[in-house]
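Enquirer: What follows is a structure written as C-alpha cells; I'll ask about it next.
The values are calculated or read from the model by the stated rules, or taken from the named source; none is laboratory data. On a predicted model such as this, the values are computed, not experimentally measured, just so you know. FYI the Cβ positions are ideal-geometry reconstructions off the backbone, even for glycines, and counts take in every protein chain you see. Heads up: the accessible areas ignore ligands, DNA and RNA and are worked out on the full protein's heavy atoms, side chains in. Shrake-Rupley method; radii C 1.70, N 1.55, O 1.52, S 1.80 Å.
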Amino acid sequence: MVNVAKIIEELDLKPHPEGGYYRENYRHPLRLDSVNGNRNLATSIYYLLHDSQLSKFHRLTSDEIWYHHSGDSAIIHCFFQDSGYRKIRLGAVENSGSYQVVLPAGTIFGAEVENNHGYFLAGCMVSPGFDFNDFEFVTREELLAVYPENRNLIHKFT
C-alpha cells in the first residue's frame, strides 16, 4: 500500500489553495509579455490529491497541461468556453484514461480522485507561466447561472 504522507514529505508538497498539495519544481527563466503582464515562459508543479480531497472549480488565464505520474485516475470536471461540460479521466490508458490532458486558458475545472480511498499524483505545466494573479476561483452563483443542469456537481466543487 502506498504511503501518501511519505510522498507528500519526500516531494516537499504544501497545501494548495484550491485543495490538495503541490510544489513548484520548474520556472523557465525566460520572461515574456502576456495578456496579464510579464510572465515566465512556463512553470511546472507536482500536484497531489488523495481520498476525498477536491480541486475546487477555478480557471487560469494560461493553458495548463496535466500529466498523470502515479496512483489512481483523476476525474477532471471541465466547463469549456466553446463546448460546455465534459468529464475527463486522467490516468492509465488501459483504464480508459489519458496520460495527459490540455486545459485551454479560460477553462473552468476542478478535479477529484476517481477512487475516493486512493490518490493521484500529477505534473501540471502552465504556459505562459503560472502567477497567482492569473488564478480565479469561480463562484457557485456564476456557474449555476450558466450550467444549472450541473447543480449537484457545482455544489460539490464550490
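Enquirer: List residues of the range 109-128, by number, whose backbone nitrogen lies under 20 Å from a label position 7 Å along Cα→C-beta of E149.
Expert: Those under the cut-off are 109-110.
Enquirer: Just to check I understand the Karplus step: with θ = phi - 60° and J = 6.51 cos²θ - 1.76 cosθ + 1.60, what whole-Hz values come out for the range 41-48, glycine and proline as x?
Expert: Per residue, the Karplus-derived 3J(HN,Hα) values read 4, 7, 9, 9, 9, 8, 9, 10 Hz.
Enquirer: Straight-line reach from K56: which lysines have Cα under 22 Å away, leaving out those fewer than 8 places along the same chain?
Expert: Partners within reach: K14, K87, K156.
Enquirer: Modelling each spin label as a point 7 Å along the Cα-to-Cβ direction, I'd like the F80/E10 distance in nm, to one decimal.
Expert: About 3.6 nm, to one decimal.
Enquirer: Give, rounded to the nearest 20 debye, the magnitude of the charge dipole that the chain has about its Cα centre when Lys and Arg contribute +1 at Cβ and Asp and Glu contribute -1 at Cβ.
Expert: 60 debye
Enquirer: Which residue, chosen from N38, Y21, L60, occupies the Cα position most advanced towards the positive end of the dipole of the range 1-74, where the dipole is computed from +1 (Lys, Arg) and -1 (Asp, Glu) charges on Cβ about the Cα centre?
Expert: Value: N38.
Enquirer: Length gain on complete extension for the stretch L41 to S96, per 0.36 nm per residue less the alpha carbon to alpha carbon distance?
Expert: Working: separation 55, 0.36 × 55 = 19.80 nm, distance 3.20 nm.
Full-extension gain reported as 16.6 nm.
Enquirer: Tally up the carbon and sulfur contribution to the accessible surface of the range 2-157 as a whole percent, 1.4 Å probe, everything protein left in place.
Expert: Answer for the range 2-157: carbon and sulfur cover 50 percent of the accessible area.
Enquirer: Note down the Stokes-Einstein diffusion coefficient of the range 53-115 in µm²/s, whole number, using a Kirkwood radius over alpha carbon pairs, 20 °C, and 1.002 mPa s. Can you show the working numbers first?
Expert: On the way: Rh = 11.8 Å.
D, rounded to a whole number, is 181 µm²/s.
Enquirer: Which residues' amide hydrogens lie under 5 Å from the amide hydrogen of L54, considering only partners 5 or more residues apart or on another chain, with H built in the peptide plane?
Expert: Correct list: G20.
Enquirer: Kindly work out what percent of the DSSP beta bridges joining two residues of the chain are antiparallel, to the nearest 5.
Expert: Working: 51 of 52 bridges.
In the chain, DSSP labels about 100 percent of beta bridges as antiparallel.
Enquirer: Counting heavy atoms of the protein chains only and a 1.4 Å probe, report the per residue accessible area for the range 1-147 as a whole number of Å².
Expert: On the way: 7580 Å² over 147 residues.
Per-residue value: 52 Å².
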